[in-house]
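Below you'll find the structure, written out as structure tokens, and then a few comments.
Throughout, read-outs are computed from the coordinates displayed, never taken from laboratory work. Please read all numbers here as calculations on a predicted model, not as lab measurements. Here Cβ is always computed from backbone atoms with ideal geometry, including for glycine, and neighbour counts include all displayed protein chains.
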Amino acid sequence: MAGLKQNETIVTPLPPVIEISDLHKAYGSLEVLKGVSLRAERGQVVSLIGSSGSGKSTLLRCANLLEDSQSGEVLFEGEAVKWRGQGLHRHPADRAQVVRFRTNLAMVFQQFNLWSHMSVLQNVMEAPLTVLGESRSTVEPRARALLEKVGIGEKAEAWPAQLSGGQQQRAAIARALCMQPKALLFDEPTSALDPELQAEVVKVIKDLASEHRTMILVTHDMRLAADVSNHVIFLHQGRIEEEGPPADLFGAPRSERLKQFLSATMVA
């Protein structure tokens, strides 16, 4: 090849972990997402901000195929979701592909969704045991190490009801990490917590960001978004109103709507 020196190789850039292109999502006649696109490269933290009802959580659920979209593309590591049908009747066509995508895109919800009849350790271990088919001897040491990582190693044998909200959310994060996903998707992980407990969870998320884990974060916490993000997307009425590095969006917003939003949400 012209211009290629002896023993040189061409390095092909890796595709984004998650890529969404021109996504439209409606509930009946109500269009929630109106042509939204995003990409999360390896090691990148992308935060989605905006008012309630702007489409943030819906976009996250579409990325993880928990919601069907009506048009547009969803890709994981360059592989596009296979669809059947059109419009409101469009659904993923390959169930095995859906399971594989969800396995690699671990979701942490606003509500902790821990199984009340299982101990904290069992909650963290359950998916790798049942979904991935790993052995207990492999999973248990990893699960215990992750509980230590999020600061609740001593709660491994406790029941979820015995934990504070912040401890439950940290257990939910450990559960997501135990699947060894390619990306973490956070849907308002601190909004159900009081300020003191929020700080516990924020610390864990910041630690994960410092490890260059790929994450998409839906949050109302502007300080968290500013601190951990490589890229911030401001959604307004189902469209991207503005996006860019956090220093630009929070330090020099261009659109009037973003300026209004930040003036109402940023705490001095």
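Taking the Cα centre of each part, how many Å lie between region 124-138 and region 150-200? A separation of 19 Å, based on Cα centres. From the square roots a ≥ b ≥ c of the eigenvalues of the alpha-carbon gyration tensor of region 103-158, which class results: rounded (a/c under 1.5), prolate (a/b over b/c), or oblate? Verdict is rounded for region 103-158. For the pair residue 260 and residue 110 in one chain, pulling the backbone fully straight at 0.36 nm per residue adds 51.5 nm over the alpha carbon distance. DSSP assigns beta bridges within the chain; of those with both partners inside it, close to 60 percent run antiparallel. Exposure here means at most 12 other Cβ atoms within 10 Å; with GluC sites (Glu not before Pro) in a DSSP loop as sites, the longest stretch of the chain lacking them is 9-156. From Cα pairs below 8 angstrom and at least 6 apart in sequence, can you work out the relative contact order of region 80-207, rounded to a whole percent? This gives 32 percent for region 80-207. Candidates 14, 253, 234 compared by Cα position along the dipole of the chain: farthest toward the positive end lies 14, with charges placed on Cβ.
With contacts taken as Cα pairs under 8 Å at a separation of at least 6 residues, the chain carries a relative contact order of 24 percent. Amide H contacts of residue 215 (H built 1.01 Å from N, in plane; Pro and chain starts excluded): 44, 45, 46, 184 sit under 5 Å, all sequence-distant by 5 or more or on other chains.
Of all beta bridges that DSSP places with both ends in region 112-268, some 55 percent have antiparallel geometry.
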